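Some notes on the structure that comes next.
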Amino acid sequence: MKTESAATPAKSPFADVTASDATLRRFLHGLPGVDTVGLEARAAALGTRSIKTTAKAYAIDLAISMIDLTTLEGADTAGKVHALGAKAVHPDPTDRGTPTTAAVCVYPDMVATAKAAVAGSGVKVASVATAFPAGRAALGVKLADTKDAVAAGADEIDMVIDRGAFLSGDYMKVYEEIRAVKEAAGPARLKVIFETGELSTYDNIRRASWIGMIAGADFIKTSTGKVGVNATPANTLLMLEAVRDFRAQTGVQIGVKPAGGIRSTKDAIKFLVLVNETAGPDWLDNHWFRFGASSLLNDLLMQRQKLATGRYSGPDYVTVD
């Protein structure tokens, strides 16, 4: 009797789902519909939870450690990226007990500069790729973009899906592009950005989450931060439910990154409550949860100083990015 070699890779639990356009569509449209009222009510209710002083101090440090400090502007310079890297490593130069941020995120041409700026610190370098933020480029260009970033030293790749293909119902194209970028990224962790503000419905966000997870994303991410509607408690809650359910089904844990519009300590703590109450404490770590919210860091530092001293520092206490 023929036996399977130990070297033979295990069959993906979703091999049948991704066998064709039809099977993938059937799976995605067979997911439970999202109860909009229930989802938004739960997100709002969790956002009212009160946090005690000791827990607040812990939450602030945890949130700082989860930030992807980002600069994604056409006017980015090496000097700006070096300054950003220095801030990521020592967010508060007056208090070396302040946690480092999780990563700095830059365009591919600035990866080497960012890598030098954070060398030896443990801060990761993330790079947007795949024709960020619109994603309007041929696959070959997207793969070259990804490979260039990894070759320059990127630890993480933030890719955008082809929203046009998704909204046209070409789910297989979206799936195959994610798979191809995942392969091109090699050892770098892959964050897949859905641009939830352009997906129109919660059902679409749930479907995009499952495409990303099935295709091999290490993180699923709400937004580029470049459109009007970015991360919200409701769309993040929905994605947290997706990664929770995916791990329950497959044993594979996937991270979540809300990005854009999270500016205050109060907002950040609301999101941490969502994580704890929905996915669970296993996700309360920067390996599994990130904030794409650079302006958030300054408020967290101000609140941290307030807890330590009982007063707010002056307006020059934090740098203006």
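The values are calculated or read from the model by the stated rules, or taken from the named source; none is laboratory data. Note that the coordinates shown come from a computational prediction; the quantities given were computed from them, not determined experimentally. Don't worry about glycine lacking a Cβ; one is built from the backbone with ideal geometry, like all the others, and counts go over all protein chains shown. The accessibility values were calculated without ligands, DNA or RNA, using every heavy atom of the protein model including side chains. Shrake-Rupley method; radii C 1.70, N 1.55, O 1.52, S 1.80 Å.
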remark   = Contact list, first residue from the stretch 21-35 and farther than 10 Å from Tyr171 by Cβ, second anywhere and in a loop (DSSP other than H, G, I, E, B) and of a type in the set (Ser, Thr, Tyr), beta-carbon distance below 9 Å, six or more apart or interchain, is Val34/Thr201
request  = Quick one: which residue in Ala129, Ala137, Ala112, Ala103 is farther than 28 Å from Tyr58 by Cα, touching a residue at least 40 places away in the same chain (Cβ under 8 Å) and in contact with a helix residue (DSSP H, G or I) (Cβ under 8 Å, 6 or more places away or on another chain)?
outcome  = Ala129
ask   = Pairs, please: C-beta under 9 Å, at least 6 apart or cross-chain, first residue farther than 24 Å from Val160 by Cβ and in the stretch 246-273, second assigned to a loop (DSSP other than H, G, I, E, B) and of a type in the set (D, E, K, R)?
value = Ile269/Arg49; Lys270/Arg49; Val273/Arg49
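Being in contact with a strand residue (DSSP E or B) (Cβ under 6 Å, 6 or more places away or on another chain) and buried (at least 20 other Cβ atoms within 10 Å of the Cβ) narrows it down to one residue among Thr236, Thr222; which is it? I'd like the intermediate steps shown before the answer.
On the way: Thr236 fails: in contact with a strand residue (DSSP E or B) (Cβ under 6 Å, 6 or more places away or on another chain).
When all the criteria are applied, what remains is Thr222.
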note = Conditions (1) closer than 20 Å to Thr18 by Cβ; (2) open to solvent by less than 20 Å² (accessible area, probe 1.4 Å) -> Lys191 fails only (1)
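When you scan the stretch 82-104, do you find a residue that is under 22 Å from Ile161 (Cα atoms) and not in a loop (DSSP other than H, G, I, E, B), even just one? Give the derivation first.
Going residue by residue through the stretch 82-104, those that are under 22 Å from Ile161 (Cα atoms) are 103-104.
Among the residues that remain, those that are also not in a loop (DSSP other than H, G, I, E, B) are: 103-104.
Looking for residues that are under 22 Å from Ile161 (Cα atoms) and not in a loop (DSSP other than H, G, I, E, B), one finds at least one in the stretch 82-104, hence yes.
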Filtered residues of the stretch 151-176 (kept if touching a strand residue (DSSP E or B) at 6+ places or on another chain (Cβ under 8 Å) and surrounded by 21 or more Cβ atoms within 10 Å (Cβ to Cβ)) = Ala154, Glu156, Ile157, Asp158, Met159, Val160, Ile161
